[in-house]
Amino acid sequence: MLLALLRQYLRPYRRLIAVLMVLQLISTLASLYLPTVNAAIIDDGVAKGNTTVIVRLGVVMLGVTGLQALCAVGALYVGSRTGTGFGRDLRSAMFEHVVTFSEQETARFGASTLLTRSTNDVRQIVFLVQTTATVLVAAPIMSIGGILMAIHQEAALTWLLLVSVPVLAVANYWIMTHLLPLFRSMQNLIDGINRVLRDQLSGVRVVRAFTREGFERDRFARANTALSKTALAAGNWQALMLPVTTLTINASSVAVIWFGGLRIDNGQMQVGSLSAFLAYFAQILMAVLMATMTLVVLPRASVCAERITEVLSTRAAIGNPANPRFPPDGIAGVVRLDGVTFTYPGADCPVLQDISLTARPGATTAIVGSTGSGKSTLVSLICRLRDVTGGAVLIDGIDVRDYHTERLWTAIGLVPQRGYLFSGTVADNLRYGAAPNQSVTDAEMWEALRVAAADDFVRAHGLHMRVGQGGVNFSGGQRQRLAIARAVIRRPAIYLFDDAFSALDVHTEARVRSRLGEVAATSTIIIVTQRVSTACQADQVLVVDDGKIVGAGTHEALLADCPTYAEFAISQSVTVGAGGVP
């Protein structure tokens with residue numbers, strides 16, 4: 001998976017990688033040439049007292065060193081640029097893919113793990129790319145070149161490489177086999193600690209209201225301790241790698257000096273050759289060390305690649321058809337549900353069964369029912385946040401599954417139960433509701449705010465009034481009114497209000513609905529509510545109970561003919577006709 005991910009997202013950087021390899025090649029060859037020059041200085045200059053040779057070869061050494069440093073800096077720059085660009089592209093691909101997810105995929109992964117995979121996991125792979133670009137390219141060149149140069153200097157001592165390199169490789173492989181499962185566990189534990197933090201920060205008011213700080217502190221401590229223990233275990237294995245490698249290198253260097261000294265005593269080798277051979281031997285083992293230290297990143301990056309690939313390979317349940325359809329004159333807003341049945345994945349029984357209804361432009365349809373009866377699910381099927389498992393949802397006679405999703409959603413103004421606001425300004429949030437390529441003027445924003453009865457509290461600070469993340473600096477009623485204004489500004493053909501007036505008092509709701517009737521006179525309005533005082537003003541009321549429609553008609557007719565609706569009305573002390581309030 002890691003190789004496939006690297007192959008796909010490093011393809012645009014082929015030229016930079018080629019430049020990087022050339023720079024690394026020149027830098028490494030220069031490094032390999034330096035010990036030979038040093039050996040010549042010792043044997044031909046120092047040993048013979050030839051100052052001219054020492055000066056001439058010293059200048060050569062300085063030139064080679066300068067070239068090596070220049071190429072190393074260039075390689076570092078190109079490698080960093082490649083890694084940064086790769087990370088940018090991978091994060092962008094993750095974001096573009098995640099935003100296509102339906103509720104089903106988002107719930108399957110969870111927000112915390114999607115955040116971790118888009119940030120921490122990507123960062124681990126970027127670190128591997130940058131490290132590989134600057135180390136793993138040079139390491140093989142240095143190893144092979146060092147072996148060739150060492151053989152050229154003194155072939156009789158190269159048997160030491162056949163002992164040292166395998167010992168180093170086997171020891172580090174053994175350590176890495178223990179690191180891989182620990183790194184996989186660490187990524188899951190990071191997900192867990194992010195989940196706990198997200199819950200605590202989002203629900204801080206609830207935590208304080210119920211004085212559960214101690215419980216949450218213990219909950220975080222457990223997640224934190226589990227992560228720290230796993231990280232400590234992984235750190236212990238990583239810490240073992242350096243002393244094992246250092247011990248092997250030092251023992252090998254002692255062996256080279258010992259056997260080289262014996263050959264010098266026997267007149268079979270010169271001091272300069274031993275010095276060069278020792279330098280090449282150190283370069284070879286250092287190359288193995290660099291590759292090993294880089295490969296420490298590999299297990300964690302491999303786990304991260306698996307997690308990222310899992311997200312990127314997940315296909316969204318809600319997709320666009322191969323041949324989308326669209327009404328030639330645009331969407332008028334006739335909504336029809338024909339025998340709709342829906343079952344959540346993994347559930348034993350359907351949430352909605354055989355639901356049929358028709359909502360027409362210029363009319364208001366209210367959907368009433370107790371908590372958990374399936375009202376919100378019904379709305380999510382109409383705007384195709386989920387797909388039906390039986391029957392069909394049609395808009396203007398076309399199945400919603402045959403629409404291009406963006407064109408479908410452009411014709412719908414949805415106000416969900418929780419009117420989520422984005423950080424920024426009021427104007428930013430209102431523009432968020434505009435259709436693509438729709439420019440929104442300040443006058444249109446103020447008109448939308450007037451319809452939602454939100455102009456009074458916004459006027460004090462203007463359209464540039466700051467909005468905290470999630471709208472935390474507004475009350476529940478203010479958030480709902482801003483969410484309504486955001487839907488109104490689009491002037492859609494279909495309005496879907498999913499219990500969107502629950503935080504408003506009856507008088508404010510009456511004002512909003514009155515003004516909404518003025519600007520949406522030709523639109524289809526569907527309101528999900530638990531208030532009979534809201535339902536009684538609708539043109540038709542549908543009563544949902546246990547996933548089925550048990551009553552349909554006007555408020556007065558349902559009071560007389562539908563016991564469920566009558567009980568619902570009595571529980572709220574509502575028995576008046578349409579237009580009345582409790």
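Judged by the gyration tensor of its Cα atoms, with axes a ≥ b ≥ c, the range 343-457 is prolate; a/c meets the 1.5 cut and a/b is the larger of a/b and b/c. Each Cα pair of the range 335-574 feeds into the Kirkwood radius, which the Stokes-Einstein equation turns, at 20 °C and 1.002 mPa s, into a diffusion coefficient of 117 µm²/s.
Is the shape of the range 473-535 rounded, prolate or oblate, going by the alpha carbon gyration tensor and its root eigenvalues a ≥ b ≥ c, with a/c under 1.5 for rounded and a/b larger than b/c for prolate? Because a/c hits 1.5 or more and a/b fails to exceed b/c, the range 473-535 counts as oblate.
Between amide H atoms placed 1.01 Å from N, distances below 5 Å from residue 528 occur with 367, 497, 498, 499, 500, all of them 5 or more places distant or on a separate chain. Between residue 204 and residue 29, the simple label model (points 7 Å from Cα in the Cβ direction) yields a spacing of 6.0 nm.
Residue 173 contributes an accessible area of around 150 Å² to the protein surface, as traced by a 1.4 Å probe with all chains present. A helix-only calculation puts the chain at -20000 deg cm²/dmol for mean residue ellipticity at 222 nm, using -39500 (n - 2.57) for each DSSP H run of at least four residues, averaged over all residues. Here the chain carries DSSP beta bridges of which approximately 50% are antiparallel, counting only pairs with both residues inside. Rounded to two decimals, the Cα radius of gyration of the range 272-405 over 2.2 N^0.38 Å is 2.08. Amide H to amide H distances under 5 Å link residue 333 with 396, where only residues 5 or more positions off or on other chains count and H is placed in the peptide plane. Take the range 155-268, drop everything but the C-alpha atoms, weight them equally and run the Debye formula without solvent; then report log10 I(q)/I(0) at 0.17, 0.18, 0.20 Å⁻¹ to two decimals. At q = 0.17, 0.18, 0.20 Å⁻¹ the computed log10 ratios are -0.88, -0.92, -1.01. The residues of the chain expose on average 49 square angstrom of accessible surface per residue, using a 1.4 Å probe on protein heavy atoms. For the pair the range 1-71 and the range 302-381, the centres of their Cα atoms are 63 angstrom apart. Close amide-amide hydrogen proximity is noted between residue 391 and 341, each under 5 Å apart and 5 or more residues distant or on a separate chain (H modeled in the peptide plane; Pro and chain starts excluded). Sequence-ordered 3J(HN,Hα) estimates for the range 182-196 from the Karplus curve with 6.51, -1.76 and 1.60 and θ = phi - 60° stand at 5, 5, 4, 5, 4, 5, 5, 5, 5, 4, x, 5, 5, 5, 5 Hz, glycine and proline given as x. For the range 131-197, taking Cα atoms only, Rg and Dmax work out to 19.4, 62 Å respectively. For the chain, the pair-distance distribution built from all alpha carbon pairs, in bins 10 Å wide starting at 0, is 3, 13, 17, 18, 14, 10, 9, 7, 5, 3, 1, 0, 0 percent. Evaluated on the range 25-129, the Kirkwood hydrodynamic radius is 17.9 Å, with distances taken between all distinct Cα atoms. Percent of C-alpha pairs per 5 Å bin in the range 76-203, short distances first: 2, 8, 11, 12, 14, 13, 11, 8, 6, 5, 4, 2, 2, 1, 0. What's the local net charge at residue 110, with K and R +1, D and E -1, over the other residues with C-beta under 10 Å away? Local charge sum for residue 110: +2.
Counted by Cβ distance under 15 Å from residue 474, the other residues give a net charge of +4, where Lys and Arg count +1 and Asp and Glu count -1. Each residue of the range 329-334 is assigned a 3J(HN,Hα), and the resulting list reads 9, x, 7, 7, x, 7 Hz, derived from the Karplus form 6.51 cos²θ - 1.76 cosθ + 1.60 (θ = phi - 60°), x at Gly and Pro.
Phi-derived couplings, Karplus 6.51 cos²θ - 1.76 cosθ + 1.60 at θ = phi - 60°, listed residue by residue for the range 356-361: 10, 7, 9, 10, 10, x Hz, with x used for Gly and Pro.
The values are calculated or read from the model by the stated rules, or taken from the named source; none is laboratory data. Computed from a predicted structure; not experimentally measured. Neighbour counts are summed over all protein chains in view; Cβ atoms, including those assigned to glycine, are modelled from backbone coordinates with ideal geometry. SASA here: full protein model, heavy atoms, side chains in, ligands and nucleic acids out. Shrake-Rupley method; radii C 1.70, N 1.55, O 1.52, S 1.80 Å.
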